[in-house]
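The structure under discussion appears below in the form of structure tokens.
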Amino acid sequence: MTETLIDFDEVLEKFDPAMGLEVHVELNTNTKMFCGCPAVFGGAPNTNVCPTCLGLPGAMPAVNAKAVESAIRIGLALNCEIAEWCRFARKNYFYPDMPKNFQTSQYDEPIAFEGYLDVEVEGETFRIEIERAHMEEDTGKATHVGGSTGRIQGADYSLIDYNRAGIPLIEIVTKPILNTGAKAPLVAKAYVSALRDLVKALGVSDVRMDQGSMRCDVNLSLAPKGSDKLGTRSETKNVNSLRSVERAVRYEMSRHAGILLSGGSVLQETRHFHESDGTTSSGREKSDAEDYRYFPEPDLVPVAPSREWVEELRATLPEPPAERRVRLQADWGFTDLEMRDAINADAIDLIEETVAAGAAPQAARKWWLSEISRRANEAGVDLVDAGVSPAQVAEVQKLIDAGTLNDKLARQVFDGLFAGEGTPAEIIEKRGLALVSDDGPLLAAIEDALAAQPDIAEKIRGGNVKAAGAIVGAVMKATRGQADAARVQQLIVERLS
Amino acid sequence: MSWIHRTAAEQAAALASGEVTSVELTQAHLDQIAATDGELHAFLHVDAEGALAQARASDERRKAGNPLHELDGVPIAIKDVLTTEGLPTTAGSRILEGWIPPYDGTVTAKIKAAGLPILGKTNMDEFAMGSSTENSAYGPTRNPWDHDRIPGGSGGGSAAAVGAFQAPLAIGSDTGGSIRQPGAMTGTVGVKPTYGSVSRYGVIALANSLDQLGPCTRTVLDSALLHELIGGHDPRDSTSVPNAVTGLADAARAGAARDLNGLRVGIVKELQGDAWNADVVERFDESVALLKEMGADVVEVSLPSFVHAMAAYYLILPAECSSNLAKFDAMRYGRRVTPEGSPSAEEVMKVSRDAGFGDEVKRRIIIGTYALSSGYYDAFYGQAQKIRTLIIEDFKKAFEQVDVLVSPTAPSTAWPIGEKADDPLAMYLQDLATIPANLAGVPGISIPSGLSSADGLPTGIQFLAPVLEDARLYRVGAALESALFEQWGGQITPAAYAPKGAN
Amino acid sequence: MTGGIGAQIRPTRLSAMPELSRDEVRHLADLARIDLSDAELEHLAPQLNVILESVASIQGVAGPDVPATSHPIPMTNVFREDVVVPGLTPQQALAAAPAQEDDKFSVPRILGDEQ
Ligand SMILES: [Zn+2]
């Protein structure tokens, strides 16, 4: 079906968007939410399973303390209230990837509720209100066999791996996000980005959208401009990159407007986002008949975090990422552009550690964003996995500052580090990379060069200091780059003056 | 008297003294099963080979002077609701036909760790839904007292096995009376422990907030011994209470001295009246008279919310079970029925569940689905949970006045097979007296109170105690049992299974 | 679930005498994934109404001041340490599977989307 899409500016003339974002964060606990199986997805199928997460008759759940702790910390970081008493509840629906045919989740008693997260878009701050954050378990993973596409539609049958079933999830749900107008797509993206940074700073999840450890559902509706009545919403599932969040909001706004302006009504339905072209397509219609028959999980007792525990956990919260960035930028003296590049490269932590290890901020930034970024890109790995540690970068920089290395030699040291040849000192030793710091060999080389190029020597004597460059070049060549060029220059001038 | 007619405590003593071996005991019970179970059908699965192997290992331990437990070597039967690694576990349902669990339930593990040979798995109403064992997908169990009658349910298999001397000990599960009511129907002892005091890990859940495993035996002391073995905290059951209930066998032994001076006994006002058959009440009154003779103070107490217990129960149970039984969808285990054509997973689930579940299971799933559904939750499930609060409060108030409560276990004696099969409500009424204990989590015991003057079948009397005060049940139960045994000249035994001559 | 969001999500629909039609029973059976035949519907629906009629007696018995009890023994905060314990092998996990392929459970084609 082709959709009638309305130009974004025209949408904004006639409608106000309302968004709701539901983000699932997979926790990085050792074990699953309700059993002692490793919370590791991937690997050989059905290897991380037990009677509980397979839903075998008779098996029972037991709550992972660390997952509760992580949920409370996420709640606190989002400025939420933490429930004094709450229960798990069963969400009943049949689906083959769900072993018990109910998901153990929370219903009207979430562990955290009524919070907010401030995000900044183009200099304007938006307060995103958080309705709730609750604990639940992930489902298994189905792969679809047969048919043409490997997709669920048209498949002959499906194969299910339950390794993922039971991995702890925290679902974070916003209240309707209103009054964002043209910035709606950017606000959505900024919120998910800020949430990702926050959860990452807490250290409770890998928050890798590309790997599914953070997943976003985008609810969107349009109301006629000025009306305070919310329209019918669509729910776009599994929007799995920051860019896609922005695109999905933008697309749905245009699509809804197309329907509404032609006199139609928007279906309350689930939609799928397509990364390839930024469109959405219809999934399952959400009918009122859908009835999850929630009730309190009788196999688990209520969770009642003591206020002392909550305060203990509050004390463990890291500095909020936004505040931390402001502080670091001031400390480091970076320009806005430099800071943004560092953030985009995911290099903030690395630079901070490098600085802590003794390097100057600008030097740390330079190495991480140029040499090491380039190599990480070539290898197709994240910066943090590039194979060099902040301590090593700081050590290399120290050697430069001490005159032992120049930038060119330093790059060769990095070659050695990437090749795993040992510490910078060992690589310098093995590769013979240190600058020649003794003047004796340099003076000898200068004498040789002057003798070989008497005309240049004459020019220098005549006051043309620039001509010394040729002699420096010759000396550098003779010492295979291991001379400190500035020192050579100085020695030449002294020799001829 | 042959070995099988002795109590578990006597069998244990004979093992300890070297009078008998576990292999001999186990073989004797297997022989009894072979001779009688064709007719009785108390077992769904008999593991002769496994039981004898465990018996041989037990005898080795005895010989080496290292028995694992007082009951090491005394054979036991397990209700088919509890998982047993390597032994079929069906919960009496067609949908689990042939399922062999890859793990032991906690109570199974405790039984194995104590060295009791497991004779096999006993019959039950499908998923423990019923009061007659007629709802078993594998056919009914018969009452040892009259093969044309039901043995009670849902644990009719365990009660009949114990009553017919096929096993000295059996594990039952009690969600609304499934241990106690079959005890009453078969002239045996059955105990529902305090909720959370025996692990439910491995119990195929009917209603998680009501279910509790417990002992089925022929004497109060035997129940106490088994109860102590299976009880205790289990980290795999999050509703498990922190400390084990203790002193049960001591309480039973002390009770046998028949001194009930100072014990306050409350007759439940709401568990009397027209619903109770005169022959049952007759035996009940005699037992109460015996309690008084032994020094108990007997008063009548009122627990007014009991009148709503059955309705609350038949909402809470279906609600929980409708969700518990969703997992039986023929995707990961169990019997898959595939209709013609190229059916979807959803269609296969529906057809498999229709074929795999019996009528009572379907009725309860549908009622439970209704009670939880949007728009009806508050009026049904929510309301039932409030009734539960009222019943707990009633118990609290009553236990301020008395130490234990007493009532007949069931309104009638065993009825003919088929009589109530298609009348669910008549069947539900059988659990009138037993249900409140499950709603409140309190412990209860049923012991035989005699034989009906009308039909000669056993009648039962039930005691209830406060949460964690299970020991009180053993004290008063053992006292009454002792007094009754003296009147009867020993335990009452169905004629067809009575001991023939001396050992 | 007392009060709170649940109370708003679930409108209370008190009916003195609930009566399930054949269609309603069929709908409930669909929700519960049971493929009831017409004959079964004919047989079960009246029985269900008898049961419902008897349990409907509790409507209105307990007022709003009575809290609901979901767990008979009140306990809170029962947690497990975040420590791996051995589970099942794939062979054990799949031993009872009606169909399997490549160490995965094989199920018929799935209608509808993930939730
Ligand atoms: Zn597991």
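The values are calculated or read from the model by the stated rules, or taken from the named source; none is laboratory data. Computed from a predicted structure; not experimentally measured. Counting neighbours? That spans all protein chains shown, and the Cβs are built from the backbone with ideal geometry, glycine included. Areas reflect the complete protein model, heavy atoms only, side chains present, ligands, DNA and RNA absent. Shrake-Rupley method; radii C 1.70, N 1.55, O 1.52, S 1.80 Å.
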If B:Gly157 satisfies all but one of (1) in contact with a Ser or Thr (Cβ under 6 Å, 6 or more places away or on another chain); (2) under 25 Å from B:Leu484 (Cβ atoms), what's the number of the condition it fails?
(2)
Sort out which residues of segment B:256-292 are β-branched (Val, Ile, Thr), crowded, with 20+ Cβ neighbours inside 10 Å and in a helix (DSSP H, G or I), and write them in order of number.
B:Val280
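Among strands (runs of 3 or more DSSP E) lying entirely in segment A:106-195, which contain 2 or more residues that are modelled with pLDDT of 95 or more?
Working: elements: A:112-121, A:124-137, A:141-145, A:157-161, A:168-174.
In segment A:106-195, the matching strands (runs of 3 or more DSSP E) lie at A:112-121, A:124-137, A:157-161, A:168-174.
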Cβ pairs under 7 Å, 6+ apart, first in segment A:145-157 and within 11 Å of B:Ser344 (Cα to Cα), second at pLDDT 85 or above and open to solvent by 60 Å² or more (accessible area, probe 1.4 Å):
A:Ala155/C:Arg109; A:Asp156/C:Arg109; A:Tyr157/C:Arg109
Could you tell me whether segment A:109-131 includes any residue that is surrounded by fewer than 23 Cβ atoms within 10 Å (Cβ to Cβ), within 16 Å of the ligand (Cβ to nearest atom) and not aliphatic (A, V, I, L, M)?
no
The lone condition A:Val384 fails out of (1) part of a loop (DSSP other than H, G, I, E, B); (2) among the β-branched types (Val, Ile, Thr); (3) open to solvent by 40 Å² or more (accessible area, probe 1.4 Å) is (1)
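Please find, among A:Ala83, A:Ala89, the residue that is facing chain C (nearest Cβ under 10 Å), over 26 Å from the mean Cα position of the chain (by Cα) and more than 16 Å from the ligand (Cβ to nearest atom). Before you say what the answer is, go through the steps one by one.
Numbers: A:Ala83 fails: facing chain C (nearest Cβ under 10 Å).
Exactly one of A:Ala83, A:Ala89 is facing chain C (nearest Cβ under 10 Å), over 26 Å from the mean Cα position of the chain (by Cα) and more than 16 Å from the ligand (Cβ to nearest atom), namely A:Ala89.
Out of all the residues in segment B:316-336, which are touching a Gly at 6+ places or on another chain (Cβ under 8 Å) and under 30 Å from B:Ala275 (Cβ atoms)? Step through it out loud before you land on a result.
Of the residues in segment B:316-336, the ones touching a Gly at 6+ places or on another chain (Cβ under 8 Å) are B:317-323, B:327-328, B:330, B:332, B:334-335.
Scanning segment B:316-336 gives B:Leu317, B:Pro318, B:Ala319, B:Glu320, B:Cys321, B:Ser322.
Could you check segment B:361-379 and list, in sequence order, the residues that are at the interface with chain C (Cβ under 7 Å from one of its Cβ atoms) and out of contact with any strand residue (DSSP E or B) (no Cβ under 9 Å at 6 or more places or on another chain)?
So the first thing to find is which residues in segment B:361-379 are at the interface with chain C (Cβ under 7 Å from one of its Cβ atoms), and the list is B:362-363, B:365-367, B:369-370, B:374-379.
Matches in segment B:361-379: B:Lys362, B:Arg363, B:Ile365, B:Ile366, B:Ile367, B:Tyr370, B:Ser374, B:Gly375, B:Tyr376, B:Asp378, B:Ala379.
Report, by residue number, each residue of segment B:313-341 that is of a type in the set (Ser, Thr, Tyr) and at the interface with chain A (Cβ under 8 Å from one of its Cβ atoms).
Quick first cut of segment B:313-341, residues of a type in the set (Ser, Thr, Tyr) only: B:313-314, B:322-323, B:333, B:338.
Residues satisfying the conditions are B:Ser322, B:Ser323, B:Tyr333.
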Qualifying positions in segment A:462-497 - under 27 Å from A:Gly432 (Cβ atoms), open to solvent by 50 Å² or more (accessible area, probe 1.4 Å), among the aliphatic types (A, V, I, L, M) and touching a residue at least 12 places away in the same chain (Cβ under 8 Å):
A:Ala478
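State whether the residues of segment B:75-92 include one that is more than 30 Å from B:Asn135 (Cβ to Cβ) and either assigned to a loop (DSSP other than H, G, I, E, B) or away from chain A (no Cβ under 14 Å) (or both). Give the derivation first.
Going residue by residue through segment B:75-92, those that are more than 30 Å from B:Asn135 (Cβ to Cβ) are none.
For segment B:75-92, residues more than 30 Å from B:Asn135 (Cβ to Cβ) and either assigned to a loop (DSSP other than H, G, I, E, B) or away from chain A (no Cβ under 14 Å) (or both): absent.
Confirm whether B:Gly358 is closer than 23 Å to C:Leu20 by Cβ and within 11 Å of chain A (Cβ to nearest Cβ).
no
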Restricting attention to segment B:230-246, which residues are open to solvent by less than 30 Å² (accessible area, probe 1.4 Å) and in a loop (DSSP other than H, G, I, E, B)?
B:Gly232, B:Asp234, B:Asp237, B:Ser238, B:Thr239, B:Ser240, B:Val241, B:Val245
Counting only residues that are in contact (Cβ under 8 Å) with a residue 24 or more places away in the chain and within 12 Å of chain C (Cβ to nearest Cβ), give me the helices (runs of 4 or more DSSP H) lying completely in segment B:384-503 with at least 2 of them.
B:424-428, B:435-440
Unique residue being at pLDDT 95 or above, more than 16 Å from the ligand (Cβ to nearest atom) and surrounded by 13 or more Cβ atoms within 10 Å (Cβ to Cβ) when the list is C:Val61, C:Val85, C:Val78, C:Val55:
C:Val78
Note on A:Pro96: of the conditions (1) open to solvent by 10 Å² or more (accessible area, probe 1.4 Å); (2) in a loop (DSSP other than H, G, I, E, B); (3) more than 15 Å from the ligand (Cβ to nearest atom), unmet is (1)
Within segment A:31-76, restricting to residues that are facing chain C (nearest Cβ under 7 Å) and of a type in the set (Gly, Ala, Ser), the one that is nearest to the ligand (Cβ to nearest atom) is A:Gly36
Can you name every residue in segment B:48-71 that is touching a residue at least 60 places away in the same chain (Cβ under 8 Å), touching a Gly at 6+ places or on another chain (Cβ under 9 Å) and assigned to a loop (DSSP other than H, G, I, E, B)?
B:His69, B:Leu71
Of a type in the set (Val, Ile, Thr) and within 30 Å of B:Pro411 (Cβ to Cβ), is that true of B:Thr106?
no
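Go over the candidates A:Val266, A:Val249, A:Val310 one by one and state the one that is β-branched (Val, Ile, Thr) and over 24 Å from A:Val11 (Cα atoms).
Details: A:Val266 fails: over 24 Å from A:Val11 (Cα atoms); A:Val249 fails: over 24 Å from A:Val11 (Cα atoms).
Criteria check complete, one pass: A:Val310.
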Residues in segment A:4-25: is at least one under 31 Å from the mean Cα position of the chain (by Cα) and either within 16 Å of the ligand (Cβ to nearest atom) or over 27 Å from A:Tyr251 (Cβ atoms) (or both)?
no
If C:Leu41 satisfies every condition in (1) facing chain B (nearest Cβ under 8 Å); (2) at pLDDT 90 or above; (3) open to solvent by less than 20 Å² (accessible area, probe 1.4 Å) but one, which is the exception?
(1)
Tell me yes or no: at least one residue of segment B:421-432 is touching a strand residue (DSSP E or B) at 6+ places or on another chain (Cβ under 9 Å) and of a type in the set (S, T, N, Q).
no
For segment A:197-222, enumerate the residues that are in contact with a Ser or Thr (Cβ under 9 Å, 6 or more places away or on another chain) and either among the acidic types (Asp, Glu) or open to solvent by 50 Å² or more (accessible area, probe 1.4 Å) (or both).
A:Asp206, A:Asp210, A:Asp217
In segment B:137-154, what residues are open to solvent by less than 10 Å² (accessible area, probe 1.4 Å) and within 18 Å of B:Gly38 (Cα to Cα)?
B:Thr141, B:Asn143, B:Pro144, B:Ile150, B:Pro151
Can you tell me which residue within segment C:101-115, out of those that are surrounded by fewer than 19 Cβ atoms within 10 Å (Cβ to Cβ) and either within 29 Å of A:Glu290 (Cα to Cα) or more than 7 Å from every other protein chain (Cβ to nearest Cβ) (or both), is modelled with the highest pLDDT?
C:Ser106
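Residue by residue through segment A:154-190, note down the ones that are of a type in the set (Lys, Arg) and within 27 Å of A:Met135 (Cβ to Cβ). Step through it out loud before you land on a result.
Within segment A:154-190, the subset of a type in the set (Lys, Arg) is A:164, A:175, A:183, A:189.
The answer is A:Arg164, A:Lys175, A:Lys189.
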